[in-house]
Structure formats: C-alpha cells, structure tokens
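The values are calculated or read from the model by the stated rules, or taken from the named source; none is laboratory data. Just so it is clear, the structure is predicted and the values come from calculations on it, not from any experiment. Positions of Cβ are backbone-derived with ideal geometry, glycine not excepted, and every protein chain shown enters the neighbour counts.
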Amino acid sequence: MTLRPLGDYLATLRAATPLVHCMTNYVAMNSTANLLLATGASPAMLHAPEEVAEFTAISAGLSINIGTISAHWADAMLTATATAHEHGVPWVLDPVAVGATRYRQALCAKLLAAKPSVIRGNASEILALNGLASRGRGVDSTAATEQAVDAAIALAKKNGCIVAMTGESDWVTDGTQHYRINGGHPLMPRVTTLGCGLSALVAGFVAANREAPLGATAATLACFAVAGERAGSNAQGPGSFQVALLDALYQLTPDDLTTFSQLEAIHGA
Amino acid sequence: MTLRPLGDYLATLRAATPLVHCMTNYVAMNSTANLLLATGASPAMLHAPEEVAEFTAISAGLSINIGTISAHWADAMLTATATAHEHGVPWVLDPVAVGATRYRQALCAKLLAAKPSVIRGNASEILALNGLASRGRGVDSTAATEQAVDAAIALAKKNGCIVAMTGESDWVTDGTQHYRINGGHPLMPRVTTLGCGLSALVAGFVAANREAPLGATAATLACFAVAGERAGSNAQGPGSFQVALLDALYQLTPDDLTTFSQLEAIHGA
Amino acid sequence: MTLRPLGDYLATLRAATPLVHCMTNYVAMNSTANLLLATGASPAMLHAPEEVAEFTAISAGLSINIGTISAHWADAMLTATATAHEHGVPWVLDPVAVGATRYRQALCAKLLAAKPSVIRGNASEILALNGLASRGRGVDSTAATEQAVDAAIALAKKNGCIVAMTGESDWVTDGTQHYRINGGHPLMPRVTTLGCGLSALVAGFVAANREAPLGATAATLACFAVAGERAGSNAQGPGSFQVALLDALYQLTPDDLTTFSQLEAIHGA
C-alpha cells in the first residue's frame with residue numbers, strides 16, 4: 001500500500017474543516033488553536049467532566065496532551081478517550097515529558113488502554129513510552145531520533161497505532177510501513193509548543209482522512225516541514241518565525257505540499 | 001436617543017484606563033490581555049474563590065467567558081457576577097458554545113440571573129441563549145447573523161441588557177434601538193479568541209462609559225471592525241494579521257474611529 | 001565585590017541551557033516559555049502535586065508566579081519551593097498584585113518562608129510585600145520606582161535575597177549593593193506578562209550562575225532593557241513589539257549585552 005500524494009490529505013482536511021476536541025496543556029492552548037485555524041481545522045478546547053463525553057462524541061477528532069496535567073484533567077482525559085474509543089472518534093496522544101516523572105508514566109499507561117490512533121512525540125518520549133530506559137529532561141528531545149526508530153516501530157506494533165516521532169528528521173510508522181520526512185528549520189525548537197500543536201493537527205488530518213491514518217499523519221508532518229522551511233527563510237528569530245509559520249500554513253496549497261514534501265519510504269528499518 | 005460620535009467612547013476609555021476583571025478561558029487569556037492593553041484598558045485575570053469578590057468589587061468592569069469552564073470556575077463566576085450586580089460593576093457575558101452541551105446551557109441560565117450589562121456572542125450562541133433550536137458546533141457561528149437578529153432583540157428585551165452579535169456584520173441592540181456595524185476582515189475568524197477578547201474590551205468600554213452602554217458597545221465593535229480592516233490590508237495570513245491587529249488598535253485614534261466606522265441605525269428590525 | 005561584565009552571565013546561560021521549572025499564571029505561560037527559549041534557557045511548566053517535588057528536584061531553577069493563583073496551585077507552589085530550598089535549587093518569587101487582596105498577602109508570607117533567591121516585582125508589589133501601605137490596583141505599578149527603593153533594600157535584607165524592582169528604571173539590590181539599569185521602551189507595559197517572563201528568565205540566569213545571583217539578576221534585567229530598546233526602534237505598536245522582542249533576545253550576543261547595558265552602581269541609596 002502506498003500513500004496518496006500528500007497534498008490530497010490537506011485538500012480533504014480543508015474541505016472537511018474537522019472539529020478537533022483538544023485537551024492540551026495551558027502553554028499550548030492558544031498556539032494550538034491558531035495552528036489549526038491557519039491550516040484549516042476547527043479547534044475546540046474544553047475539559048469539564050460534566051460535558052467532556054458529550055462533546056467528544058460529536059467531535060471529528062480528539063487530541064490529548066499531558067503537558068500540564070493534574071488529577072481532574074487526567075480523569076477527564078480518560079473519559080474523553082474512552083468515549084472516542086467507543087464512538088470511533090480517532091484520537092492522538094502526545095505524551096509530553098513522559099520520561100520525567102512516575103506520575104506521567106502511570107497516566108500514559110492508562111491512556112494507551114483506550115487505543116490511540118496516533119502517538120506523536122520526540123525521541124525521548126517515544127523511548128520512555130516504549131518502556132526503554134531513557135528519561136528525558138523535561139520536554140526537549142535528548143536522544144537522537146535515529147536511535148529511537150526501533151522503539152517507535154515496537155510501540156506502533158504493540159498498540160496497533162501510528163507513531164510519529166519528530167526531531168531534526170521526522171519518522172512515521174504503523175509498525176510495518178515506515179517513512180522519513182525531512183525539512184523544517186532550526187528555529188522550530190526555539191518556539192514553544194509547536195510539537196503540541198502538531199499533535200492536534202494530526203488529529204484533524206486523521207479525522208478528515210479516516211481511511212488513511214498513516215498518510216494523513218505523514219501529510220501533517222510534511223505540512224510543518226514545508227511551512228517551517230518557508231517561515232524560516234525570512235525569519236529574524238523565533239518571534240518572526242512563529243508569525244511566519246502561521247502565515248505559511250495558511251498559504252500552503254495542496255499542490256505545494258505534494259511538490260515540496262521530502263518524504264522517503266524506509267525499507268528494513 | 002442617538003449615539004455620540006464613536007470616537008468619543010474610545011477617548012473616554014483611554015482617559016480612564018479602566019481595570020477590567022477578566023474571568024475567561026485558558027485559550028483567550030493572553031490574547032485578551034494584549035487586546036485590552038493595546039486599545040487602552042487595564043486587564044487583570046484572577047479567579048480564586050478566596051479573592052474573587054474582593055477583586056470584582058474594586059474593578060471598573062467584569063468580563064465572564066465560559067469557554068473552558070469547569071465547576072470551580074463556574075462557582076467563582078457566580079460569585080463574581082453577584083458581586084458585580086451588587087456593587088453596580090458593569091459586566092459582560094460571553095456564552096461560548098452555549099449550544100454545544102447541556103452543562104453550558106445550565107450555567108448560562110444561572111449567570112443570566114445576575115443581570116449582565118452586555119451579552120456578546122456569535123449568531124449560534126445568541127440563538128441558543130435565547131432558547132431557540134440552534135445547536136452550534138463548537139465555537140464557530142453556523143447560523144447566518146441576519147437570521148439571529150430577532151433572537152438578539154428578544155434576548156435584550158428579556159434580560160434588560162445590550163446584546164452584541166458578531167459575524168460578517170455585527171449587530172448591537174438594547175431591545176429598542178438597533179445598529180449594524182460593517183467592516184473587519186475575512187482573516188478574523190482564522191485567529192483564535194478574537195471574539196473572546198472583544199467581549200472583554202466591551203467590558204472596558206462600558207466601564208469607562210457607564211451612562212451609555214449601547215454606544216460604548218457599538219464603539220467597541222467598531223474599533224475591531226476598523227482596526228481589523230487596516231490589519232488585513234497588509235497581512236499575509238493569520239499570523240501577521242494578529243500582530244497587525246494589535247498595532248492597529250494601539251494606533252487607532254478617536255477621530256479615525258469616528259470617521260471610518262461603518263455604523264448604520266436599523267429601523268423596524 | 002564588583003559584577004562581571006554582564007555578557008558573561010548570558011554566555012554562561014547559553015552554555016548551560018538550564019531547565020527552569022515554571023509555575024506561573026495562565027496568561028503568562030506561553031509568552032514566558034517563548035522568552036526563555038529565545039534567550040537560551042529551557043522552560044518546563046507543570047504543577048500537579050503528584051509530581052511537582054520530583055520535578056523541582058531535577059530542575060536547575062524554579063520560578064513561582066502567583067498571578068492566577070488558586071488553592072491547588074498554592075499548595076503545589078509551597079511543595080515546590082520547599083523542595084527547592086531543601087535541594088539548593090535557586091528560585092524566584094514574582095508576587096503579582098500582592099497588594100490587591102488579603103489572599104495574596106497570606107500566600108506570599110508563606111512563600112517567603114521557603115527563602116526565595118530573588119524577588120522580582122514592580123514598585124507597588126515590592127512596597128506591598130515589604131508590608132508598607134501601598135495597595136496596588138491590579139497588576140500595574142502605581143507607585144514611582146524611586147520611592148520604593150528603600151522598600152526593596154529592606155526586603156532584601158530581611159529575606160537574605162536579591163530584590164529586582166522593575167519599572168521605567170530597574171533596580172537590583174542584595175541589601176548591600178545596589179544597581180540601577182536603564183533602557184527598555186515605552187511599549188513594554190503595553191504587552192502583557194513581560195514582567196512574568198522576566199522573572200522566569202531571572203531563574204534561568206541565576207541557575208546558570210549560582211555563585212553570582214546579584215550579577216545574574218542584573219544581567220537578566222539588562223537583557224530585557226537592551227533587547228527592549230532594539231525591539232522598540234522599529235515596532236509599530238505592541239503587536240510588532242512583542243515579535244521583535246523575541247527576535248532581539250535571540251540575536252543578542254554577550255558582547256552586545258556588555259557594551260550596551262546601562263548599568264549604574266548606586267552608592268548610599
């Protein structure tokens with residue numbers, strides 16, 4: 001099975017403007033909403049136990065990010081992911097800094113039971129989530145992406161999901177097929193919560209392309225990679241980069257995405 | 001009774017720099033604070049039950065937005081609005097996505113009992129708040145603004161307040177007098193929480209122009225409409241638009257507002 | 001004892017990229033993370049009681065900001081500051097609007113018991129924290145900086161810490177040595193939470209320069225003063241200013257900081 005031209009997934013997203021229920025960290029909420037709106041999805045943030053199941057059930061996709069987790073939020077996330085699982089709403093797990101504390105590890109174990117469609121993290125997070133020994137320091141990736149590819153594949157197989165691992169190069173795998181995506185810009189790690197926003201955008205792409213979650217995830221990473229390169233070409237620093245990234249995602253056409261994506265199928269990874 | 005030239009309300013706001021107590025959603029907090037500071041009000045965000053009444057009582061205005069509501073926040077909002085009602089502090093209700101869940105409907109019913117000075121929402125929200133059958137999907141307006149004008153007028157009469165309904169055209173009514181405001185830019189719905197910030201800014205304008213809440217509300221909408229047009233004229237996308245909007249609100253003079261507002265009195269709406 | 005050239009402290013920060021555990025208000029979280037990343041520190045935001053001590057213990061510095069405080073957060077802050085005190089992790093207190101409510105005053109009294117390394121506030125906050133009669137209105141400084149210098153010195157002596165008081169001119173003192181730092185730009189108070197971000201950045205500088213907290217704090221203030229001047233020179237308003245400030249902090253070299261800082265030792269203050 002091969003992927004469709006990546007621009008097709010973006011065209012489908014824009015036609016559908018999928019409603020993405022985002023339960024994400026406080027740092028990322030505003031920037032995530034703006035990244036989704038710029039690209040063509042429709043974000044909604046809410047988390048109260050009194051309404052979370054009702055809302056997840058009418059959403060096209062769900063994004064779960066544990067960055068600033070606390071007990072009430074964790075409970076609501078478990079309700080939302082159970083609802084998503086029950087109603088067939090695709091959902092994405094972003095296991096922020098899962099290696100940093102035992103609390104995060106225990107919560108992620110519970111969340112995995114509700115069968116995420118996609119897991120999106122950096123190499124440290126993917127290694128930690130797969131039960132390997134890496135303990136990340138905070139939210140930055142300290143393990144080289146390449147070293148963590150085996151962990152990503154194992155995690156995808158074990159959980160029957162897509163795993164997207166981002167860093168200097170991005171990787172996406174369903175456990176059987178593997179792709180590498182190049183692009184982006186060195187300023188990207190100097191802007192906070194771009195990875196968090198990417199995870200929520202994956203939920204939008206997968207919601208709009210439900211029959212093809214692997215391609216939809218690859219297309220999301222490619223959007224960031226192509227738009228990131230463009231944004232970086234004129235940026236003076238992380239401030240102007242962040243502004244230019246939103247503009248570039250807004251301006252990005254499906255044809256551009258297909259033409260400029262640096263996607264490579266990896267055999268025997 | 002006619003409105004004063006709209007720039008007058010802005011001049012009064014800038015002279016008073018009213019302290020606006022904002023209890024708003026997590027997504028909107030930063031952008032709301034920046035919109036108020038750029039225009040000339042003084043925002044403060046706090047919500048703890050231990051201090052909320054003490055602070056509302058010394059504030060010039062209060063803004064309540066239920067976007068990321070949960071039980072503790074709802075209780076504190078009821079305390080704050082009761083305090084505002086008791087002390088004569090004007091307050092604005094932004095009933096985000098009130099049509100989406102029963103929890104929001106129940107909370108808004110309680111908040112209405114504390115007599116908001118102004119309600120600001122999109123057409124879906126105004127319809128839902130008025131008890132009509134529209135159920136919005138999330139936070140976007142799906143009902144045409146024009147169709148909801150009757151609901152806005154009814155809501156204003158029922159609650160003895162101003163209703164501001166925003167969309168491609170904005171409407172403002174006190175139940176008896178009605179105005180339409182044109183302007184703005186198609187990029188505005190691609191930037192998150194501009195409506196939330198607008199609601200808080202209405203609280204600032206009404207706080208600084210307490211004898212004239214209808215004109216103050218119209219002037220706030222006109223500020224966004226004029227500044228939005230200017231911001232959009234050079235923006236490359238939603239990133240640069242958001243930056244330009246803050247600059248345009250900061251640069252907007254009272255004379256500009258009076259001159260370039262597209263305000264129209266509507267008879268027999 | 002004299003300070004090293006201020007650029008030295010910035011060079012040390014960039015070499016160390018210290019992990020700064022930030023417990024700050026909702027308004028400031030995103031902008032604070034971006035200010036730290038742009039300058040060269042590594043921010044992490046988390047606050048759950050289940051993990052906060054574990055994380056503070058592995059952090060290089062801690063920043064505590066009470067802007068949108070509530071009971072759960074206050075408890076977690078007391079745990080984090082006790083952990084920091086026990087493990088020798090330097091920490092910064094930002095007593096936002098401490099004069100505004102009794103709740104804030106009581107909480108700050110408890111936080112002071114855990115011995116902050118640095119207190120960073122505006123003149124109203126420093127006066128209130130020192131027990132003087134000033135009651136700030138919200139988060140703006142209403143008392144002139146100069147009048148509050150005596151309070152800053154007294155507060156530093158009483159608590160055995162550095163006090164950084166910011167305003168049109170900034171002051172920094174350890175109770176014995178006092179410095180004034182000029183620079184910055186009139187647009188800075190028109191952008192929300194720059195002071196909050198500054199406090200967190202102080203935690204990064206002090207973490208990377210543990211033997212010299214006075215110089216590290218002065219260098220942080222000077223970074224904002226120099227970068228703020230540069231950002232303001234081309235800004236059209238608070239929107240473009242905020243973008244340009246992040247770019248300027250990113251571009252600022254240690255040599256620039258040493259050369260362009262307006263630092264003045266004050267004798268007999």
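The sole residue among B:I126, B:I66 that is buried (at least 24 other Cβ atoms within 10 Å of the Cβ), within 14 Å of chain A (Cβ to nearest Cβ) and touching a Pro at 6+ places or on another chain (Cβ under 9 Å) is B:I66. Considering only the stretch B:192-205, I want to know if a residue exists there that is part of a strand (DSSP E or B), in contact with a helix residue (DSSP H, G or I) (Cβ under 7 Å, 6 or more places away or on another chain) and either within 14 Å of chain C (Cβ to nearest Cβ) or not polar (S, T, N, Q) (or both). No, every residue in the stretch B:192-205 fails to be part of a strand (DSSP E or B), in contact with a helix residue (DSSP H, G or I) (Cβ under 7 Å, 6 or more places away or on another chain) and either within 14 Å of chain C (Cβ to nearest Cβ) or not polar (S, T, N, Q) (or both). Can you find a residue that is over 27 Å from A:G99 (Cα atoms) and either under 18 Å from the mean Cα position of the chain (by Cα) or among the acidic types (D, E) (or both) anywhere in the stretch C:32-50? Within the stretch C:32-50, none of the residues are over 27 Å from A:G99 (Cα atoms) and either under 18 Å from the mean Cα position of the chain (by Cα) or among the acidic types (D, E) (or both).
Pairing residues of the stretch A:216-237 that are within 14 Å of chain C (Cβ to nearest Cβ) with residues that are in a helix (DSSP H, G or I) and among the aromatic types (F, W, Y), at Cβ distances under 6 Å and at least 6 apart in sequence or on separate chains, gives A:A231/A:F241; A:A235/A:F241; A:G237/C:Y250.
In the set C:T39, C:T24, only one residue is over 22 Å from C:L112 (Cβ atoms), at pLDDT 95 or above, within 10 Å of chain A (Cβ to nearest Cβ) and crowded, with 22+ Cβ neighbours inside 10 Å; that residue is C:T39.
Being modelled with pLDDT under 95 and outside any strand (DSSP E or B): is that true of C:G268 here? The answer is yes for C:G268.
Scanning the stretch A:82-103 for residues that are within 14 Å of chain C (Cβ to nearest Cβ), of a type in the set (S, T, Y) and part of a helix (DSSP H, G or I) yields a single hit, A:Y103.
Would you confirm whether or not the stretch B:251-266 contains a residue that is more than 14 Å from chain C (Cβ to nearest Cβ), more than 23 Å from A:T39 (Cβ to Cβ) and buried (at least 24 other Cβ atoms within 10 Å of the Cβ)? No; the residues of the stretch B:251-266 include none that is more than 14 Å from chain C (Cβ to nearest Cβ), more than 23 Å from A:T39 (Cβ to Cβ) and buried (at least 24 other Cβ atoms within 10 Å of the Cβ).
Condition test on B:K110, is it surrounded by fewer than 21 Cβ atoms within 10 Å (Cβ to Cβ), at pLDDT 95 or above, part of a helix (DSSP H, G or I) and touching a Leu at 6+ places or on another chain (Cβ under 7 Å)? Taking the combined requirement at face value, the residue satisfies it. Give the residues of the stretch C:154-170 that are in contact with an Asp or Glu (Cβ under 9 Å, 6 or more places away or on another chain) and either closer than 20 Å to C:L36 by Cα or assigned to a strand (DSSP E or B) (or both), sorted by residue number. Correct list: C:I162, C:V163, C:A164, C:M165. Taken across the stretch A:6-18, residues that are closer than 13 Å to A:S63 by Cβ and surrounded by 24 or more Cβ atoms within 10 Å (Cβ to Cβ) do occur, with at least one present. Inclusion of C:V172 among residues that are at pLDDT 95 or above and farther than 18 Å from C:L93 by Cα is not warranted.
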